[in-house]
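Before any comments, here is the structure.
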Amino acid sequence: MSSQIDNKISLGQFFTPDSICQYMVSLFQLNTFSEIRLLDPGAGTGNLSCAFMEFLSQQKNLPSSVYANCYEIDSEIVPQLKNNLFFAEKLLDGLSVHFESNIIEGDFIETTVHSLSDHLGLFKNGLMRYTHCIINPPYKKISSNSYHAYLLREIGLETPNYYSAFVAIAVLLLESGGEIVAILPRSFCNGVYFTRFRKFFLENMSLRHIHVFESRKNIFDNNVLQENIILHAVKRKDTPMPVTLSFSRDASFQEYAEQKVAFSEVIHPDDKACYIHIPVRKTDAVISQKIKTFRQTLDDLGISVCTGPVVDFRLVDFITTKGECPLIYPRHFENGRIKWPKYHHKKTDRIFYHSETKKWLMANQ
Ligand SMILES: C[S@@+](CC[C@H](N)C(=O)[O-])C[C@H]1O[C@@H](n2cnc3c(N)ncnc32)[C@H](O)[C@@H]1O
């Protein structure tokens, strides 16, 4: 049983809840193509493809045919995927839409890299161009000397995580005007590791919508604290269009709100690293405007920064009012200085010096 669980974790197997599936598919424009070719890479049990078919079946203008290609590496869940696709097909019964689904049981990266290389004349497989891609990819680091990293380099992609690799391949496989809706960790929006991926994505895709969840918990039922975003983009090189930014507290989509902002609010025009800003609230936009006025980098100022090494929820037993070392949080910044300790606050700001904690503590200098 535990090896089964290890396998699920190593495959990054967390399934998208229904409410999120439904929200994701609602972002697609479904009337652009008369023949829909859907890509679902890392399909799991097919939640996303099934939600897509359900949404499609509710449309007034239907396409003449729908082909769905679902890639899944875990043979254990393939029977469930097959079953779910069978029921999805039933939704289109009597609607004069020709439906065909295909499960590709295997490695999405390996199979598609071979097809893409074939396009360059190296292999003899066909290359399907998709009109839509719905994706919740596996999240896991790719080590630079792995087989997958080697395959990705073959098609000119160098990217640090499976999720960005899956999305980059999907972008290559989309037809012009094709759309992608993806649920991803927010981590790719900034930081140097994902700069190439961001540039690649933004050079090929027109960003249309980004949704953020305020809560970092409870999006997937896996106790992982992680910020996730949903994004919708269209494969098109056009002048940047306004982007819809929305937020909700969590997967229940309560307290949902959205607004349209200029593309330059999301990607600052002179930012060579193409950070993706998501100013969903009015106050975010004000902060973003202030940040834009800074002209120097920390390097220019001779300042280096690291994130705090103490992950407080992992060290709860050592963070008590009796701890002898200061634990500095953003709330300790006051008028350009650090003010510690802070009394009258619900959380303590002390940590014990202990063999378990000392590797995370920093010298007082
Ligand atoms: C985060 S889960 C999402 C599943 C499903 N799309 C959903 O939204 O519920 C990612 C899926 O990708 C599959 N996967 C992981 N690595 C893969 C690979 N190299 N090729 C194909 N599928 C893979 C996992 O088994 C898992 O089912």
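The values are calculated or read from the model by the stated rules, or taken from the named source; none is laboratory data. Note that the structure is a prediction, hence the values are computed from the model and not measured. A quick note on method: Cβ atoms are made from the backbone with ideal geometry, for glycine too, and the neighbour counts reach across all protein chains shown. Note: areas computed on protein heavy atoms with side chains; ligands, DNA, RNA excluded. Shrake-Rupley method; radii C 1.70, N 1.55, O 1.52, S 1.80 Å.
Taking residue 169 as the residue in question, decide whether it is in contact with a His (Cβ under 8 Å, 6 or more places away or on another chain), within 15 Å of the ligand (Cβ to nearest atom), touching a residue at least 12 places away in the same chain (Cβ under 8 Å) and of a type in the set (Val, Ile, Thr). Here the answer is no, as residue 169 does not meet what is asked.
Residue check: is residue 71 touching a residue at least 40 places away in the same chain (Cβ under 8 Å), near the ligand (Cβ under 10 Å from one of its atoms) and either in contact with a helix residue (DSSP H, G or I) (Cβ under 9 Å, 6 or more places away or on another chain) or closer than 28 Å to residue 213 by Cα (or both)? So residue 71 fits the description; yes. Close contacts from segment 23-45, counting a first residue that is among the charged types (D, E, K, R) and a second that is away from the ligand (no atom under 12 Å from the Cβ) and outside any strand (DSSP E or B), with Cβ to Cβ under 9 Å and a gap of 6+ residues or different chains, come to 35/63; 35/64; 37/128; 37/129. Looking at (1) under 28 Å from residue 214 (Cα atoms); (2) over 21 Å from the mean Cα position of the chain (by Cα), find the lone condition where residue 277 falls short. Status for residue 277: all satisfied but (2). Picking from residues in segment 241-280 that are open to solvent by 50 Å² or more (accessible area, probe 1.4 Å) and over 27 Å from residue 22 (Cα atoms), the one that is modelled with the lowest pLDDT is 270. Residue count for segment 49-68, restricted to those that are touching a Ser or Thr at 6+ places or on another chain (Cβ under 6 Å) and within 10 Å of the ligand (Cβ to nearest atom): 0.
Here is the figure for segment 306-329: residues that are touching a strand residue (DSSP E or B) at 6+ places or on another chain (Cβ under 9 Å), open to solvent by 90 Å² or more (accessible area, probe 1.4 Å) and within 13 Å of residue 354 (Cβ to Cβ) total 2. Contact map, segment 128-144: residues that are basic (Lys, Arg) paired with residues that are away from the ligand (no atom under 14 Å from the Cβ) and part of a loop (DSSP other than H, G, I, E, B), Cβ distance under 8 Å, separation 6+ or inter-chain. Pairs shown: 141/160. Residues in segment 153-171 that are open to solvent by less than 50 Å² (accessible area, probe 1.4 Å) and modelled with pLDDT under 95: 155, 157, 159, 160.
The residue pairs whose first member lies in segment 9-20 and is in the same structural domain as residue 250 (by TED's automatic domain parsing) and within 9 Å of the ligand (Cβ to nearest atom), whose second member is open to solvent by less than 30 Å² (accessible area, probe 1.4 Å) and among the charged types (D, E, K, R), and whose beta carbons are closer than 9 Å, counting only pairs six or more residues apart or on different chains, are 11/74; 13/74. Once segment 74-87 is narrowed to residues that are among the polar types (S, T, N, Q) and more than 10 Å from the ligand (Cβ to nearest atom), the residue that is nearest to residue 180 (Cα to Cα) is 84. Of the residues examined, residue 34 is one that is over 25 Å from residue 211 (Cα atoms), among the polar types (S, T, N, Q), at pLDDT 90 or above and assigned by TED's automatic domain parsing to the domain that holds residue 163. In segment 312-339, the qualifying residues are those that are part of a loop (DSSP other than H, G, I, E, B) and in contact (Cβ under 8 Å) with a residue 24 or more places away in the chain, and the one that is farthest from residue 272 (Cα to Cα) is 322. The number of residues in segment 23-39 being assigned to a helix (DSSP H, G or I) and away from the ligand (no atom under 12 Å from the Cβ) comes to 2. Restricted to strands (runs of 3 or more DSSP E) entirely inside segment 40-150, those with at least 2 residues that are open to solvent by less than 20 Å² (accessible area, probe 1.4 Å) and in contact with a strand residue (DSSP E or B) (Cβ under 9 Å, 6 or more places away or on another chain) are 65-72, 130-135.
Counting just the residues of segment 138-154 that are over 21 Å from the mean Cα position of the chain (by Cα) and away from the ligand (no atom under 15 Å from the Cβ), which one comes out nearest to residue 9 (Cα to Cα)?
Residue satisfying both the conditions and the ranking: 145.
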